[in-house]
Every structure is written in C-alpha cells, then in structure tokens.
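Take a look at the structure set out below.
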Amino acid sequence: MTLDVHHVTKEFKIRKGLKSSTLVAVNDVSFELEPGKTVALVGESGSGKSTVAKMILRLETPTSGHISIDGTDASVRGRALKNYRNQVQMVFQDPFASLNPFHTIAHHIERPLRLHGKVSSSSEAREKVEELLQRVNLEPAESFADRRPHELSGGQRQRVAIARALAPGAKYLIADEPVSMLDVSIRLSVLNLLARLQREENLGVLYITHDLATARHFSDEIMVMYKGSIVERGPSDEVILNPQHDYTRLLLNAAPEPANHGKLRRQVQEEVAAGALDGSPRLP
C-alpha cells in the first residue's frame, strides 16, 4: 500500500480590482510515501509545502494530477472519502489552535473514534482514549483525559494532536511543522515520539519542515521544494552532505553552524542514554 502523489498542480485565481492573475502554488509534484518510511518536504515559507499537505488531506482540490492510496483515488466522496481519511491524518503546526478550548482532551480523541466507527459504547471509547494517551506518553492517562487544552503545555497538546491523528487507525501521517511552535527543549522528544510510533505502527510520515537538521536525522528521504516545484530529492544524508541544487545550498548556508548540529546530536545521544527520550533517533 502506497500513497501516490502523481503530477499534482494547484493554481489559485487572484483578483485585484478588475484584473485577475493565476498563482501556481504547486507545480507538477510527484512522489510516493510508503508505510514505515519518513519523507521530509523542506523549503522556505511560501514554497508550497502546506498546499501539498492540504491536497493530500482533501482540504484543497488539485487543479490537475491525482493523489491515490493503493490505486484508490483521493477524489472519492461519501463513505469512500471517510475510508480514505481513516488512512490519512494530519498533525497541524499549532497544537493550541487545532484543539477546541471548550472541550476536554477525551472529547477530542473520542470524536474521531466515533465518527470513524472505531468504538461502539462509551466505556469502550473511554478505554480507547486512555490507551491512545498512553501511546503518546501522557500518563496517568485518566488525569489527562479530563483536562482541557489550556491546562496542558505546548508539548503535551501536540501529543494529544498526535493521539487524535492515530485514533481513526491512520496509516499515513502528514506532520506540518509539528514542532516549530514548541520550546526547543521539548522538540526532540516530540520528534522522537513520532519516530517511535512510525516504527511500531509502520506509519508513512510526510514531515514538512524548514529545519534541515531535523529533516536529516528523522527522515529517510528529503525533497527540497522551491516556488512550488521539487528541485532536489534523495536519501537524507546525500542531500545534506552533497547538495546538487543552488537552492539547497542556500538553505544549508542559512541553517545553524555545523557546530550547533554537533551539539544537537550530542544532546540527543545524552538524552537517549539517560532514558529521557522515547527511542533512538536516526543519527549519522
């Protein structure tokens, strides 16, 4: 089973007074996302990364091209669309904005369980909610289930968002800048959680980011996006250590110094050794 993005283009019509123009946000993008693999989509703000994510989630409709899972086109409707969304879920950038402040954590996770027919009773729903909270290391689960989003830290809210994405039984996670709104001190633990869940659940993860350091360490393949097009792709280490496109080199030059990358790597190794993280990240 593979998520296939095939020659996808997205155009937006722009009107200014009596004049109109066309903005090509995504231009002829193709790639495959396999279970058990993480692909990083890297580029600056406005390069078209989030538009790709929205088209995969059916929040936007491609102008041309198509997206499918194992041959089933994402343009389906009704029950077939619900089945598609069972398999593809999104973790948004801002965990506070993506959670309703009026509802409990249990409500946020129970709702997709009920909508996608994963539970048949209130007791079963509660049990599944607590199980999912434990999967993302929010314990005691019964305590977190009855809280509201404002009572949690940013990292805890993002873990709730990940649990909610897993609730329908997703096989593919679209993670759109999942740690950019979090404190630096907890970004690694959230990324490491995603890496562990990917291994244990055999998930395919599209990791959207502008951070080349984390893209290298937490993905199998990197795609570099510039002005709506994929300008370079390849194995993570190869793209970072031997960039071929001028734009990739520009991104690398704008990234923190290599010394800082070494510090990041040492910090991860120390936390893994101390048992502070959920599992071992992909280090070179």
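Consider Ala25 carefully, then state whether it is of a type in the set (A, V, I, L, M, F, W, C), surrounded by fewer than 14 Cβ atoms within 10 Å (Cβ to Cβ), over 22 Å from Leu203 (Cα atoms) and under 21 Å from the mean Cα position of the chain (by Cα).
It is false that Ala25 is of a type in the set (A, V, I, L, M, F, W, C), surrounded by fewer than 14 Cβ atoms within 10 Å (Cβ to Cβ), over 22 Å from Leu203 (Cα atoms) and under 21 Å from the mean Cα position of the chain (by Cα).
Scan region 38-62 residue by residue and report those that are among the β-branched types (Val, Ile, Thr), closer than 19 Å to Leu203 by Cα and part of a strand (DSSP E or B). Let's see the steps before the verdict.
So the first thing to find is which residues in region 38-62 are among the β-branched types (Val, Ile, Thr), and the list is 38-39, 42, 51-52, 56, 61.
Add one more test, that the residue is closer than 19 Å to Leu203 by Cα, and what stays is 38-39, 52, 56.
Those that are among the β-branched types (Val, Ile, Thr), closer than 19 Å to Leu203 by Cα and part of a strand (DSSP E or B): Thr38, Val39.
Return the residues of region 200-212 that are in contact with a helix residue (DSSP H, G or I) (Cβ under 7 Å, 6 or more places away or on another chain) and either under 20 Å from Asp246 (Cβ atoms) or of a type in the set (S, T, N, Q) (or both); say none if nothing qualifies.
Thr209, Leu212
Can you find, within region 114-168, the residue that is farthest from Phe102 (Cα to Cα) among those that are touching a strand residue (DSSP E or B) at 6+ places or on another chain (Cβ under 9 Å) and assigned to a loop (DSSP other than H, G, I, E, B)?
Pro168
Does Pro112 satisfy the criteria of being modelled with pLDDT under 95 and surrounded by fewer than 16 Cβ atoms within 10 Å (Cβ to Cβ)?
no
Scan Phe102, Phe12 and give me the residue that is within 30 Å of Glu151 (Cα to Cα) and more than 19 Å from the chain's Cα centre (by Cα).
The match here is Phe102.
Taking region 63-73, which residues are touching a residue at least 24 places away in the same chain (Cβ under 8 Å) and either of a type in the set (D, E, K, R) or assigned to a helix (DSSP H, G or I) (or both)?
Once the filter is applied, which keeps residues that are touching a residue at least 24 places away in the same chain (Cβ under 8 Å) and either of a type in the set (D, E, K, R) or assigned to a helix (DSSP H, G or I) (or both), region 63-73 yields only Asp70.
Could you tell me which of the residues Pro178, Pro149 is within 18 Å of Ala40 (Cβ to Cβ), buried (at least 20 other Cβ atoms within 10 Å of the Cβ) and of a type outside the set (D, E, K, R)?
Answer to the check: Pro178.
In region 5-37, what count of residues is obtained for those that are under 12 Å from Tyr172 (Cα atoms) and either touching a Gly at 6+ places or on another chain (Cβ under 8 Å) or not in a strand (DSSP E or B) (or both)?
5
Would you call Val76 assigned to a loop (DSSP other than H, G, I, E, B) and touching a Lys or Arg at 6+ places or on another chain (Cβ under 6 Å)? So that I can check it myself, show each step before the final result.
Numbers: assigned to a loop (DSSP other than H, G, I, E, B): yes; touching a Lys or Arg at 6+ places or on another chain (Cβ under 6 Å): no.
For Val76, the condition - assigned to a loop (DSSP other than H, G, I, E, B) and touching a Lys or Arg at 6+ places or on another chain (Cβ under 6 Å) - is not met.
Quick test of your reading of the structure: Gln93 fulfils all but one of (1) touching a Pro at 6+ places or on another chain (Cβ under 9 Å); (2) without any contact (Cβ under 8 Å) to a residue 40 or more places away in the chain. Name the failing condition by number.
(2)
With at pLDDT below 90 and within 18 Å of the chain's Cα centre (by Cα) as the only criterion, which of Ile208, Ile186, Ile174 stands out?
Step by step, each of Ile208, Ile186, Ile174 is checked, and only Ile186 is at pLDDT below 90 and within 18 Å of the chain's Cα centre (by Cα).
Does any residue of region 206-221 turn out to be surrounded by fewer than 20 Cβ atoms within 10 Å (Cβ to Cβ), under 15 Å from Glu34 (Cα atoms) and of a type in the set (S, T, N, Q)?
Looking through region 206-221, none of the residues is surrounded by fewer than 20 Cβ atoms within 10 Å (Cβ to Cβ), under 15 Å from Glu34 (Cα atoms) and of a type in the set (S, T, N, Q).
Exactly one of these conditions fails for Asn86: (1) over 14 Å from the mean Cα position of the chain (by Cα); (2) part of a loop (DSSP other than H, G, I, E, B); (3) more than 12 Å from Met225 (Cβ to Cβ). Give me its number.
Single failed check for Asn86: (2).
The values are calculated or read from the model by the stated rules, or taken from the named source; none is laboratory data. Everything quoted here is computed from the prediction, not taken from an experiment. Methodologically, a virtual Cβ is constructed for each residue, glycine included, from the backbone with ideal geometry; neighbour enumeration extends over all protein chains shown.
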